[in-house]
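Input: a single structure, listed below in structure tokens.
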Amino acid sequence: MLAGSVGDFPCVQPHSSHCALRASALRCLALAPALCVRRAAIRNERRLYSRPNVRVHGLEHEGDIGARDPFEAELTSNFGDKVLGNSDTYHIIRGPPRLKELVGLATKRCVPCENGNATALSEPEANKLRGQTPGWRIIHDEGGNLVLQHEWKVNNFTAGLQLFARIGAIAEVEGHHPDLSLENWNQVSAKLMTHSVGGLTENDFILAAKINALELSDLLPKKKQRFWA
């Protein structure tokens, strides 16, 4: 005698255990997609929080995969010639937003160097301070002196003149003045050096940090988003 149905399967009273089995199978089929999604999420979590071993030319390095400085073996292999990007990328670890209000070069003021007490920084000392002035690089002038340089590509000739004015305003406040140049109508360059000591002092990096804090987005071309595979 027909007692009812489960889904498309008729149930006969003498075989109720078979009906229960079929109903259980149907519930499992209904839950299968959710279980697959959960298993995929677990695999992704394991992949995200695991610390894989990186093998480079027969050497194993344990650590996270992501933005990092290249290993010595990678540098000697000239891997930068074969990949998309720059092998000399300088990685910057940024602290909390308000940290620069408490510490750092941007909170200091340039001090006069005419008293003869200031001395030029060595290249290792200058490179340590360069970490607080992203976008600036240390070069040598014709006399072999260290110079701090930054270059910008601006929207047009007028934007270059406006950049001069903004840099000039902060330079006047600090009493320390960079060498500014505008070439090819949209290439602006700023060079910093303490001429009284024939090299770099902390004043140069203080002014560079303050220039970095200027709002320049209206003068510079908008950066196009780049997607990395």
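Considering the convex hull of the alpha carbon atoms of region 106-212, report its projected area averaged over all viewing directions, in nm², one decimal.
6.7
Among the listed pairs Lys108/Lys222; Lys191/Lys223; Lys128/Lys222, which have their C-alpha atoms separated by more than 26 angstrom in this model?
Going by Cα-Cα distance, Lys108/Lys222; Lys128/Lys222 fall outside the 26 Å limit.
Asn78 to Asn156: FRET efficiency via 1/(1 + (r/R0)^6), r the Cβ-Cβ distance, R0 30 Å, to the nearest 0.05?
0.20
Please report the net charge: other residues with Cβ closer than 10 Å to the Cβ of Glu202, K and R +1, D and E -1.
Its environment carries a net charge of -1.
So how far apart, in nm, are the two label points at Ser181 and Asn127 if each is 7 Å from Cα heading toward Cβ?
Roughly 2.6 nm, to one decimal.
Just so you know, all these numbers are worked out from the coordinates, no wet-lab data involved. All values reported here derive from a predicted model rather than from experimental measurement. Here the Cβ is made from the backbone with ideal geometry for all residues, glycine too, and neighbour counts use every protein chain on show.
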